[in-house]
Amino acid sequence: MNKPSDSSCFVRWFRDSTPYIHAHRGRTFVVSFGGEALTDGLFANLVHDFALLNSLGIRLVLVHGARPQVEQRLTLRGCQMRYFNGLRVTDAAALECVKEAVGTVRVEIEALLSMGLANSPMAGARIRVASGNFVIARPLGVRDGVDFGHTGEVRRVDAEGIRSQLNQGDVVLVSPIGYSPTGEVFNLGAEEVATSVAVALRADKLLLLTEQDCINLTDNSPIRQITTDEADILLEAQQLFPSDASLHFKAAINACRRGVQRAHLINRRIDGASLLELFTRDGLGTLVSLTPFETMRQADIKDVGGILELIKPLEGQGILVKRTRENLEMHISMYSVIERDGMILGCAALHPFPEESAGELACLALHEDYRGENRGERLLEFIETKARGMGINKLFVLTTQTTHWFREHGFNFADIASLPSSRQVQYNPQRNSKILVKGLATT
Ligand SMILES: CC(C)(COP(=O)(O)OP(=O)(O)OC[C@H]1O[C@@H](n2cnc3c(N)ncnc32)[C@H](O)[C@@H]1OP(=O)(O)O)[C@@H](O)C(=O)NCCC(=O)NCCS
């Protein structure tokens, strides 16, 4: 950090993560990880990352597994977990092991989250962890003649209970066990618990920490983004690696179809993987969503903060005129945006002048990292379609530094007289913008 190049890298990296920090603040993320995560040296770092997410204002629910810890205890007692059709059978001895293992794992996680040593990433973190009887379960019962004993399934999640802890800024820790109104304890799958919790909370994200990258076996490429329908096709064709990816994919698909915005499969063996996934441009995990994860759409009031963030540097450079929050809020219906995983990475406005069947294209901007991939062109097409739908046959733009881009996209130089008269009086000669016009053929 002493060399200037290191410090400028740090500053750039920190600044680049700002839009993601804004996009994630106040959002609810459910993170699930297997008991394997506790068994290697990276776990302390993972917990530090959770602490960081919490301090960045993310409402965090952690769901842990405990399979290796349960199996270890069973082995010590000379027993084995029995499986039938891929489902665990939990007899009385196994349930004892589950209770012991889950209790121990929970205490270990709580201890790590309580750390506050000076000179450690946890200094001053003061995280409060809440755990409790948030998951109500019922027995799987007898299936195909097999009694699954104390193996259960989620019956209900006390979303209100979890929310009230999150509202106080607590991290909520949920274990893969559930309680029934009859006072019994049931052994549950961590993925099922995580999915049910995420659905009950209508979480913004479900992060499933996996043991490996997810690979598409048709071309051996890592899967970066996928819709639930595409994931179904891969699952059906068994084109996924590793095989336990299918368990995570099923959880992700299920969560997204039941109202969770996004699910991410992240290889937890990469140190800092969750941070890379959440705070860098392309992440490194697999993003599952119901619809394509980048969308172009009409803006709404919730986008104002993201638009302001996007245009601020361009206003500073004199490329765009300054806009206040109030102005944006008032005219938000005129804006269109490109949104990618909660972040606004492009915007444009169309101000109509109906009396002259004209419209002004304004505030066209792409985030610096996302330029040069035709998004500007697609945003322009989106605005043109919107304009045609409003009966506009002449689109004009005032620009100081982007004339060539507009000329390459069908605009021609024009003079002030070609502007609608009400716009002519607002023309700022000091800014000395060039005026360009494009005729829109009506279909
Ligand atoms: C103009 C802008 C919206 C284009 O978005 P984009 O997604 O990068 O555009 P596309 O991918 O469709 O086009 C990229 C091409 O435009 C060129 N281009 C980008 N800005 C340009 C400019 N100011 N002048 C001339 N050409 C420009 C790029 O060099 C690239 O061409 P190349 O591939 O031949 O090198 C984007 O560059 C931007 O946000 N610029 C800053 C804001 C701005 O100028 N807005 C207009 C205000 S009136």
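Report whether or not Phe279 is farther than 29 Å from Asn54 by Cβ, away from the ligand (no atom under 15 Å from the Cβ) and touching a helix residue (DSSP H, G or I) at 6+ places or on another chain (Cβ under 7 Å).
Numbers: farther than 29 Å from Asn54 by Cβ: no; away from the ligand (no atom under 15 Å from the Cβ): yes; touching a helix residue (DSSP H, G or I) at 6+ places or on another chain (Cβ under 7 Å): yes.
Considered against the rule, which asks whether it is farther than 29 Å from Asn54 by Cβ, away from the ligand (no atom under 15 Å from the Cβ) and touching a helix residue (DSSP H, G or I) at 6+ places or on another chain (Cβ under 7 Å), Phe279 comes out as no.
Would you please name the residue that is farthest from the ligand (Cβ to nearest atom), looking only at residues in segment 324-343 that are in contact with a strand residue (DSSP E or B) (Cβ under 7 Å, 6 or more places away or on another chain) and modelled with pLDDT under 95?
By that ranking, first place goes to Asp341.
In segment 89-112, is there at least one residue being of a type in the set (Gly, Ala, Ser), in the same structural domain as Val142 (by TED's automatic domain parsing), in contact (Cβ under 8 Å) with a residue 60 or more places away in the chain and part of a helix (DSSP H, G or I)?
Yes, the conditions are met somewhere in segment 89-112.
Among the residues of segment 391-412, are any of a type in the set (Asp, Glu) and at pLDDT below 95?
No, because not a single residue in segment 391-412 is of a type in the set (Asp, Glu) and at pLDDT below 95.
Which residues, taken from segment 372-384, are more than 6 Å from the ligand (Cβ to nearest atom) and at pLDDT below 95?
Scanning segment 372-384 gives Arg378, Glu381.
Which residue is modelled with the highest pLDDT, if the candidates are limited to segment 417-443 and must be in contact with a helix residue (DSSP H, G or I) (Cβ under 7 Å, 6 or more places away or on another chain) and more than 17 Å from His351 (Cα to Cα)?
Step one: of segment 417-443, the residues in contact with a helix residue (DSSP H, G or I) (Cβ under 7 Å, 6 or more places away or on another chain) are 420, 424, 427, 434-437, 440, 442-443.
Okay, now just the ones that are also more than 17 Å from His351 (Cα to Cα), so 434, 442-443.
On the way: Lys434: 96, Thr442: 62, Thr443: 55.
For segment 417-443, the residue satisfying everything is Lys434.
Give the residue, chosen from Ile233, Ile270, Ile319, that is in a loop (DSSP other than H, G, I, E, B), more than 16 Å from the ligand (Cβ to nearest atom) and more than 16 Å from the chain's Cα centre (by Cα).
Matching residue, one of Ile233, Ile270, Ile319: Ile270.
Do the conditions hold for Arg82, that is, is it touching a strand residue (DSSP E or B) at 6+ places or on another chain (Cβ under 9 Å) and either surrounded by 18 or more Cβ atoms within 10 Å (Cβ to Cβ) or not aliphatic (A, V, I, L, M) (or both)?
yes
Name the strands (runs of 3 or more DSSP E) wholly within segment 121-217 that hold at least 1 residues that are within 25 Å of Ala94 (Cβ to Cβ) and without any contact (Cβ under 8 Å) to a residue 40 or more places away in the chain? Walk me through how you get there before you give the answer.
Numbers: elements: 135-139, 152-157, 171-174, 177-179, 185-187, 205-210.
Ranges flagged: 152-157.
Only residues that are among the aliphatic types (A, V, I, L, M) and either outside the structural domain of Glu277 (by TED's automatic domain parsing) or farther than 25 Å from Ser196 by Cβ (or both): list them for segment 18-50, please. Outline the logic, then answer.
To start, the set of residues in segment 18-50 that are among the aliphatic types (A, V, I, L, M) comprises 21, 23, 30-31, 37-38, 42, 44, 46-47.
Answer for segment 18-50, where residues must be among the aliphatic types (A, V, I, L, M) and either outside the structural domain of Glu277 (by TED's automatic domain parsing) or farther than 25 Å from Ser196 by Cβ (or both): Ile21, Ala23, Leu42, Ala44.
Filter segment 406-435 for residues that are crowded, with 16+ Cβ neighbours inside 10 Å and of a type in the set (Phe, Trp, Tyr); which is farthest from the ligand (Cβ to nearest atom)?
Here the answer is Phe411.
The values are calculated or read from the model by the stated rules, or taken from the named source; none is laboratory data. All of these numbers come straight from a predicted model, not from anything done at the bench. In this analysis, Cβ positions are derived from the backbone assuming ideal geometry, glycine residues included, and neighbour counts consider all displayed protein chains.
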